[in-house]
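The values are calculated or read from the model by the stated rules, or taken from the named source; none is laboratory data. On a predicted model such as this, the values are computed, not experimentally measured, just so you know. With ideal geometry, Cβ positions are generated from the backbone for all residues, glycine too; neighbour counts draw on all protein chains shown. In case anyone asks, the SASA skips ligands and DNA or RNA and just uses the protein heavy atoms, side chains included. Shrake-Rupley method; radii C 1.70, N 1.55, O 1.52, S 1.80 Å.
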Amino acid sequence: MAAPAGVPDVFDPRVFARGIPHESFRRLRDEAPVCRQDEREVLDWPAGPGYWAVTRYQDVRDVLRDPAVYSSWLGATQIRDPAPGDLDFIRRMILNMDPPEHSRIRRLAAALFTRRRLERFTQQITARAAALLNAVAARGSCDLPVEVTDDFPLANLAELLGVPAADRGLLLKWTNRVIGYQDPEHADVVRDSGGRPVDPRSPAMLRDMFDYAHELARHKRSHPADDLMTALATATVEDGRPLTEEELAMFFFLVVIAGNDTVRSALPGGVLALLEHPRAYRRLRADPGLVPSAVEEMLRWHPPVLSFRRTAARDTELAGQRIARGDKVVVYHASAHFDERAFPDPYRFDIARTPNDHLAFGQGPHMCLGAHFGRLQMRIFFTQLLTRLPELELDGPPVHLVSNFINGITHLPVRWVPSPSPASAPRRP
């Protein structure tokens, strides 16, 4: 079924290279909150059958909370259909499971992602944020993602996992391969014998990452440490058996990709929001106690994930629209966060907004396991930013990731009047 004439296109990833298309989403929320979208061939990626775009907050929330009707397992969670031969493989990732299998694996993951384990890194995270900011403070300008915020969550994640510092570049390479495949600057496109691009989620494209996970796990079993990879390598599931090699590798994939890129996208997004709202920025500098609520507003304003896909497990109806079993249903966080039905004055960036029930970390059974760690990193980073760099200004236009999945910012040139001598801090990379 084709999209009706005149419907705004929110599929093409190049649309989001200009930022969130607020006017298009506003039209969809008001006129067609569950609306058919075409999947045309874009950037060498083949056309698809189309999907239902869900744009109102309550409908998005309802879809995410009802896996019995809107399945993650049937077609996985990306808009594009995986190759038929890859679907069974992709379904083994916790992100693409439904209860009860998802519930079993999630209980194990929740036992590993303990608040104690995450907060143990607070001192190191603080020192790292200070060191990265101090490294540029005397210069008066930088490209914030390239020189500061890309490295910050990557190093934190590597330390949490127990990945040696020398291997951090591998984590970045794998993240860019999976997340940036639609972006000409970051795409690492591999083509099959017919010249068609190979899905970055396919077994062939993840083999080097999984081989590394297995090698690291073997090392941790003989050299255990207080890190997440040791916990994974020695964990047992409910029947008392250890994780299979495949289950361990799938966990590693999820932590590396989701654990890195959500914070990597949220940090420059939060900075850009402050720079575009100078009154809020001045208020935050005057009252750093607002950092926790400011972080929540940054996540609402600039959700790291733009969209997630589900597949209808049976015929159903949503917002008056009939949806057939097997149809793709794509929820848009980037629209839901600006729905006037859920957020008073949603286009006002309010760093003291309360309540702020955004969906940046998901909803329902797939609520992000690393949400606490993500918030911890953001709070520490913005606290350090306020004290270590003077008032920032834009020094050029931001560059957004070409993606209809991740709300990334790849370049954010900023400038400031440098201090004579930046505040001292432990020099920790």
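Scanning region 148-197 for residues that are under 28 Å from residue 128 (Cα atoms), touching a Leu at 6+ places or on another chain (Cβ under 7 Å) and acidic (Asp, Glu) turns up just one, 151.
Looking across region 381-394, the residues that are polar (S, T, N, Q) and either under 18 Å from the mean Cα position of the chain (by Cα) or crowded, with 16+ Cβ neighbours inside 10 Å (or both) come down to 383, 384. Among residues of region 10-32 that are more than 15 Å from residue 347 (Cα to Cα), those with a Cβ under 6 angstrom from a residue that is small (Gly, Ala, Ser) and in a helix (DSSP H, G or I), sequence gap 6+ or separate chain, pair up as 10/24. Of the residues making up region 252-271, those that are surrounded by fewer than 22 Cβ atoms within 10 Å (Cβ to Cβ) and farther than 18 Å from residue 372 by Cα number 1. Would you be able to say whether some residue in region 203-224 is within 22 Å of residue 95 (Cβ to Cβ), open to solvent by less than 30 Å² (accessible area, probe 1.4 Å), assigned to a loop (DSSP other than H, G, I, E, B) and without any contact (Cβ under 8 Å) to a residue 60 or more places away in the chain? No; the residues of region 203-224 include none that is within 22 Å of residue 95 (Cβ to Cβ), open to solvent by less than 30 Å² (accessible area, probe 1.4 Å), assigned to a loop (DSSP other than H, G, I, E, B) and without any contact (Cβ under 8 Å) to a residue 60 or more places away in the chain. When region 228-248 is filtered for residues that are assigned to a helix (DSSP H, G or I) and of a type in the set (S, T, N, Q), the ones remaining, listed by number, are 230, 234. Residues that are out of contact with any Lys or Arg (no Cβ under 7 Å at 6 or more places or on another chain), under 21 Å from residue 363 (Cα atoms) and surrounded by fewer than 16 Cβ atoms within 10 Å (Cβ to Cβ) do not occur anywhere in region 1-8. Against the list (1) closer than 21 Å to residue 229 by Cβ; (2) free of Cβ contacts under 8 Å to residues at least 24 places away in the same chain; (3) in contact with a helix residue (DSSP H, G or I) (Cβ under 6 Å, 6 or more places away or on another chain), the condition residue 171 fails is (2).
Hey, does region 131-139 have a residue that's among the β-branched types (Val, Ile, Thr), within 30 Å of residue 45 (Cβ to Cβ) and either free of Cβ contacts under 8 Å to residues at least 24 places away in the same chain or in contact with a strand residue (DSSP E or B) (Cβ under 7 Å, 6 or more places away or on another chain) (or both)? No, region 131-139 contains no residue that is among the β-branched types (Val, Ile, Thr), within 30 Å of residue 45 (Cβ to Cβ) and either free of Cβ contacts under 8 Å to residues at least 24 places away in the same chain or in contact with a strand residue (DSSP E or B) (Cβ under 7 Å, 6 or more places away or on another chain) (or both).
Summed over region 102-116, residues that are closer than 15 Å to residue 235 by Cα, under 21 Å from the mean Cα position of the chain (by Cα) and charged (D, E, K, R) total 1.
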